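Only one structure is covered here, and it is reproduced in the block below.
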Amino acid sequence: MKAIAVAAILLLAHAVVAMDYHGHSWQQKSADEKYSTLNKGVAETPKTPGYPSQFEQAALFIEGMDLSFNTVGDDMPKEGPFGLITRRKLLHAVGLMASATWTVVPNSLGYTGIFNSGSTDLMVRFSSGNEPQTAGNSSGMIAAVAFKFLRNGVSSANIHTLGNVGPQDSFNFFAHDFSNHQPDFPFTAPPASLVIRSLFTTASSYPTYLGLSKVADADADGNKVAQPKYPWRLIFHPTTALHNAFPAGNPGQLWYKQLANSVKPGQAFGVFAIDQPMNDNVVSGAKMIAVVTLTSGLTESYFGDRTLFYQHTSMEDDFKYMSSWKAAADKVQFWQRNQTTQFTYSDLPWN
């Protein structure tokens, strides 16, 4: 009996190790190998496990957000006894996966890492931060797009973005631009918004801003940069074709079914840089630095929803290289927090 128990433990340990996409041996692999391995996982079960129950969502109030920032790897952090329980995505729980490329548009801004090399090993995940409404005239959708750049011999670089208006009335996923920064909540924001904000303050004093330094610290070939250079904020501007492809009204089907059936390979976003904090909402001065092109359609994925992890980068990490930004960032945040209503970023114009 003892031998059987030992064998079972060893088998379990082997199963856990076999599913790991982090650690030294994983990171040492080439970008192509990591990209291929993760995409095999994405394709294994092309069906979402669905949204967490209200009971599961209650775990948000006892989870710290540090793991989202401090975990270096491409699979969800493990916690609990012996670290065998994979953390569940409670926000952005359901998404669609796509393969893509990041092509640099020539510019004089001098950004480093992926911003300079581009990437052909890019995994894009489209999600909503919440479960949108399926009836009525307002979706309440929190549209989001996350980007994972696989790199040779070093950890992946990740960018998280949200649509410009937070919960939106429109059922059109591409109704607005996406950005790695969202305006901070005013002190008068609804209690639910302030609760979510407070959860993220356990990891960063800038809970609605996500950094970009890790995208700039090494290029696609894994060449590390001593002094990374990166923008303050990025704007991901959907193509006019995508923006116009989906009406604002209720489509009568789940958002991810609509996108999976309709979005085809091709250019998806122009990427624009806001270079400095005090130009935070001067979108007219944003400079185009890249193009994101989908090389596959969008697919549901159990692996994408339950296993694949996109690490967050805090603004505190960005300030390590751009220390002069902190005082300006504090002013921007203070101004946003003291608005009487939620401030939103302007969209770039569509043709």
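The values are calculated or read from the model by the stated rules, or taken from the named source; none is laboratory data. Keep in mind the model is a prediction, meaning the values are calculated, not measured. Please note: Cβ atoms are built from the backbone with ideal geometry, for glycine as well, and neighbour counts cover all protein chains shown.
Would you be able to tell me the number of residues in segment 122-170 that are touching an Asp or Glu at 6+ places or on another chain (Cβ under 6 Å) and either aliphatic (A, V, I, L, M) or crowded, with 19+ Cβ neighbours inside 10 Å (or both)?
Count: 4.
If we keep just the residues of segment 69-121 that are acidic (Asp, Glu), touching a helix residue (DSSP H, G or I) at 6+ places or on another chain (Cβ under 8 Å) and buried (at least 16 other Cβ atoms within 10 Å of the Cβ), which is modelled with the lowest pLDDT? First the steps, then the outcome.
Filtering segment 69-121 for residues acidic (Asp, Glu) gives 74-75, 79, 121.
Filter once more, keeping what is touching a helix residue (DSSP H, G or I) at 6+ places or on another chain (Cβ under 8 Å): 74, 79, 121.
Checking the rest, the ones that are also buried (at least 16 other Cβ atoms within 10 Å of the Cβ) come to 74, 121.
Details: Asp74: 95, Asp121: 98.
Only one residue tops the list, namely Asp74.
As an exercise: evaluate Leu109 against (1) free of Cβ contacts under 8 Å to residues at least 40 places away in the same chain; (2) closer than 26 Å to Phe269 by Cα and give the number of the one condition it does not meet.
With (1) free of Cβ contacts under 8 Å to residues at least 40 places away in the same chain; (2) closer than 26 Å to Phe269 by Cα applied to Leu109, the lone miss is (1).
Could you grab me the full set of residues in segment 134-147 that are closer than 14 Å to Val94 by Cβ, without any contact (Cβ under 8 Å) to a residue 40 or more places away in the chain and part of a loop (DSSP other than H, G, I, E, B)?
Ile142
Take segment 309-322 and flag every residue that is more than 11 Å from the chain's Cα centre (by Cα), more than 15 Å from Leu234 (Cβ to Cβ) and in contact (Cβ under 8 Å) with a residue 40 or more places away in the chain.
Those that are more than 11 Å from the chain's Cα centre (by Cα), more than 15 Å from Leu234 (Cβ to Cβ) and in contact (Cβ under 8 Å) with a residue 40 or more places away in the chain: Ser314, Glu316, Asp317, Lys320, Tyr321.
Quick one: which residue in Leu150, Leu199 is at pLDDT 95 or above, outside any loop (DSSP other than H, G, I, E, B) and over 21 Å from His237 (Cβ atoms)?
Details: Leu199 fails: at pLDDT 95 or above.
Among Leu150, Leu199, only Leu150 is at pLDDT 95 or above, outside any loop (DSSP other than H, G, I, E, B) and over 21 Å from His237 (Cβ atoms).
Looking at segment 218-244 only, could you name the residues that are small (Gly, Ala, Ser) and either free of Cβ contacts under 8 Å to residues at least 40 places away in the same chain or outside any strand (DSSP E or B) (or both)? Outline the logic, then answer.
Taking segment 218-244 and keeping what is small (Gly, Ala, Ser), we get 218, 220, 222, 226, 241.
Scanning segment 218-244 gives Ala220, Gly222, Ala226, Ala241.
Filter segment 323-351 down to the residues that are within 20 Å of Ala203 (Cβ to Cβ) and touching a residue at least 60 places away in the same chain (Cβ under 8 Å) and list them by number.
Trp325, Ala329, Gln333, Gln336, Arg337
From the list Ala175, Ala268, Ala245, which residue is within 28 Å of Ala31 (Cα to Cα), of a type outside the set (Phe, Trp, Tyr) and buried (at least 17 other Cβ atoms within 10 Å of the Cβ)?
Going through Ala175, Ala268, Ala245 in turn, the sole match is Ala268.
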